[in-house]
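As structure tokens, the structure follows; a few thoughts come after it.
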Amino acid sequence: MSGTLVLVRHGQSDWNLKNLFTGWRDPDLTELGVEEAKAGGQALADYGIKFDIAFTSSLIRAQRTCQFVLDAVGQPSLETIRDQALNERDYGDLSGLNKDDAREKWGEEQVHIWRRSYDIPPPGGESLRDTGARVWPYYLTEILPRVLAGEKVLVAAHGNSLRSLVMVLDRLTKEEILKLNLATGVPMVYMLNANSTVASKEVLGDMSAAH
């Protein structure tokens with residue numbers, strides 16, 4: 001057995017609430033999002049974990065979620081590394097648009113393809129494969145070595161950047177990962193073997209609440 005990797009998707013953001021494509025835009029958490037982040041932190045506190053280091057994206061909704069989690073586990077000043085490699089998928093020309101308006105402009109089927117295909121990006125944006133192409137190298141060079149050294153590592157990030165990691169960790173196909181949604185504020189606790197495979201996974205909350 002090696003170390004522990006905890007993944008947490010940020011709490012609801014203001015643009016989640018408004019049904020807007022967010023991507024690399026930087027809205028803050030809603031009141032509900034704050035409560036979700038705190039609840040995720042409390043679940044980890046109840047689990048009894050203490051972290052050695054935290055990673056998050058360059059976006060405020062993930063950073064604040066990370067801080068609420070660290071506050072809850074009694075480690076408010078823990079070293080936290082921020083990097084845009086962990087940012088949400090870039091939605092390009094869709095960013096800032098209401099999802100219903102986008103369907104009216106491009107059609108239901110086309111928007112569905114952009115949102116749910118593995119390798120077809122929206123105009124000017126990233127596909128899930130593109131997102132993984134920046135998340136995976138960062139994970140392999142910056143995060144995984146800490147876990148394999150026996151550390152307990154927190155990653156607070158976004159739905160698609162975390163789905164990229166889950167795809168690798170859970171060995172999901174590109175068809176399987178498209179069906180997976182991650183609930184906001186629900187921690188996933190991975191115990192890794194020395195060869196970087198998953199020894200165990202525990203979800204501390206209700207993943208069926210994903211949107």
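The values are calculated or read from the model by the stated rules, or taken from the named source; none is laboratory data. As the structure is a prediction and not an experimental result, all values here were calculated from the model. Backbone-built Cβ (ideal geometry, glycine too); neighbour counts: all protein chains shown. Quick note on the areas: whole protein, heavy atoms, side chains included, nothing else; ligands and nucleic acids left out. Shrake-Rupley method; radii C 1.70, N 1.55, O 1.52, S 1.80 Å.
Assorted remarks:
- Selected from 153, 168, 69 as most flexible by GNM, with the chain as the system and alpha-carbon contacts under 10 Å: 168
- The stretch 37-132: chymotrypsin sites (Phe, Trp or Tyr not before Pro) in DSSP coil with no more than 15 other Cβ atoms inside 10 Å: 118
- Solvent-accessible area of the chain (1.4 angstrom probe, protein heavy atoms only): carbon and sulfur portion equals 48 percent.
- All lysines inside 22 Å of residue 99 as judged from Cα atoms, apart from same-chain residues fewer than 8 positions distant: 18, 179
- Against the main long axis of the alpha-carbon atoms of the chain, helix 128-138 sits at an angle near 30°.
- The trypsin sites (Lys or Arg not before Pro) of the stretch 111-211 meeting both criteria, a DSSP state outside H, G, I, E and B (loop) and at most 13 other C-beta atoms within 10 angstrom of the site's C-beta, are 171, 179.
- Prolate/oblate/rounded call for the stretch 153-211, Cα gyration tensor, a/c under 1.5 rounded: oblate
- Taking each DSSP H run with n ≥ 4 as -39500 (n - 2.57) and averaging over every residue of the chain yields -11000 deg cm²/dmol at 222 nm.
- Rg over Rh [alpha-carbon atoms, Kirkwood Rh] for the stretch 40-92: 1.03
- Accessible surface, the chain, averaged per residue in Å² (probe 1.4 Å): 44 Å²
- In plain terms, the bigger the Kirkwood radius, the slower the diffusion; for the stretch 97-150, with that radius from Cα pairs, at 25 °C and 0.890 mPa s, Stokes-Einstein puts D at 188 µm²/s.
- Descending semi-axes in whole angstrom, ellipsoid equivalent of the chain, from the Cα gyration tensor: 28, 19, 14
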